[in-house]
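The values are calculated or read from the model by the stated rules, or taken from the named source; none is laboratory data. Because the structure is a prediction, the values reported are computed rather than measured. Here the Cβ is made from the backbone with ideal geometry for all residues, glycine too, and neighbour counts use every protein chain on show. Ligands, DNA and RNA are stripped out before the accessible areas are found, and what is left, the full protein with its side chains, is counted by its heavy atoms. Shrake-Rupley method; radii C 1.70, N 1.55, O 1.52, S 1.80 Å.
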Amino acid sequence: MTRKIRIVHCGSLYNCVCKVLVFCLGMGLLSIIRKIKKKEKEMRILMVGLDNSGKTTIVLKINGEDTSVISPTLGFNIKTLTYQKYTLNIWDVGGQKTIRSYWRNYFEQTDGLVWVVDSSDLRRLDDCKMELDNLLKEERLSGASLLILANKQDIKGALAPEEIAKVLNLEAMDKSRHWMIVGCSAYTGEGLLEGFDWLVQDIASRIYLLD
Ligand SMILES: Nc1nc2c(ncn2[C@@H]2O[C@H](COP(=O)(O)OP(=O)(O)O)[C@@H](O)[C@H]2O)c(=O)[nH]1
Ligand SMILES: [Mg+2]
C-alpha cells in the first residue's frame, strides 16, 4: 500500500519536475529570442497584395533604388534595409493567383503586414477585398500591424484612399487590429514614408515596449 502510494507520488513528482523544466526551457528560449530581436531591433515585414499592385516597386523606391525596370515577382524577394533605428527584413512575395496559396509559408513571426492595392485597377477590387479578408483570418497574422497602401495615386481615375477603405470595408475589421490606410505612389514616392513611419512606430511600440 505504502509502496503503491510512493510510486504514484514519484510519478506525479516526476511529471511536475518535467513540466517545470519544459516551462523554464520555454521561457528561457523566449527571453533569448526576445533579447536577440531587441538587440538588433529587427522587424519582419510581409508585403502582399494582388500581382501588379506595385509591391516590388514600393520596396525598391523605399530603398532608393531604380524603379524603371521591374519584372513580375515569381517567388519572393527579401530586402534588408535600415529604416530609422531599425532593421527591416521585407519579404516581397509574388501575388499571381496561382501562387497566392504559398503566402502562408511566409506568415511566421510577421511583425507588420503591408497590403498593397492598385487603386486604378477597379475591375479587381472585389478580388482584392476577398484576398485581404482571407489573409486577415489567419491566426499567425493576428498580432501584425497592418498598413494598407492605396498605390498608383498618380494615375488619373485612381480611387482615393477613403474610397478604397470603403470598398475594402476596413471599418468592419476586428477592433484589436492596428491598421492604417495611406494613399501613395511608388513612382513619385508620395505617401510611402508616411505609411512606413506609422508601421515601424506601431510595431516598435509593441515589441520594444521595454526599451
Ligand atoms: N503609375 C504607376 N505605376 C506603378 C506604380 N507602382 C508600380 N507601378 C507599375 O505597376 C507595375 C507592377 O509593379 P510591380 O512592382 O511589379 O507590382 P507587384 O506585382 O505588386 O510587385 C509595373 O509596371 C510598375 O512600373 C505607381 O505608383 N504608379
Ligand atoms: Mg513583385
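Has the stretch 67-83 got at least one residue that is more than 20 Å from N134 (Cβ to Cβ), in contact (Cβ under 8 Å) with a residue 40 or more places away in the chain, more than 12 Å from ligand 1 (Cβ to nearest atom) and under 18 Å from the mean Cα position of the chain (by Cα)?
Looking through the stretch 67-83, at least one residue is more than 20 Å from N134 (Cβ to Cβ), in contact (Cβ under 8 Å) with a residue 40 or more places away in the chain, more than 12 Å from ligand 1 (Cβ to nearest atom) and under 18 Å from the mean Cα position of the chain (by Cα).
With (1) open to solvent by less than 60 Å² (accessible area, probe 1.4 Å); (2) more than 9 Å from ligand 2 (Cβ to nearest atom) as the list, and D51 as the residue in question, which single condition is left unmet?
For D51, the failing item is (2).
Could you say which residue among L159, L149, L125, L132 is under 23 Å from E190 (Cα atoms), aliphatic (A, V, I, L, M) and touching a strand residue (DSSP E or B) at 6+ places or on another chain (Cβ under 6 Å)?
L149
Considering only the stretch 121-130, I want to know if a residue exists there that is away from ligand 2 (no atom under 16 Å from the Cβ) and assigned to a strand (DSSP E or B).
no
Is it the case that some residue within the stretch 197-209 is closer than 25 Å to Q96 by Cβ and outside any helix (DSSP H, G or I)?
Within the stretch 197-209, none of the residues are closer than 25 Å to Q96 by Cβ and outside any helix (DSSP H, G or I).
Taking the stretch 54-108 as the search range and keeping residues that are open to solvent by less than 30 Å² (accessible area, probe 1.4 Å), aromatic (F, W, Y) and part of a strand (DSSP E or B), which one is nearest to ligand 2 (Cβ to nearest atom)?
Y83
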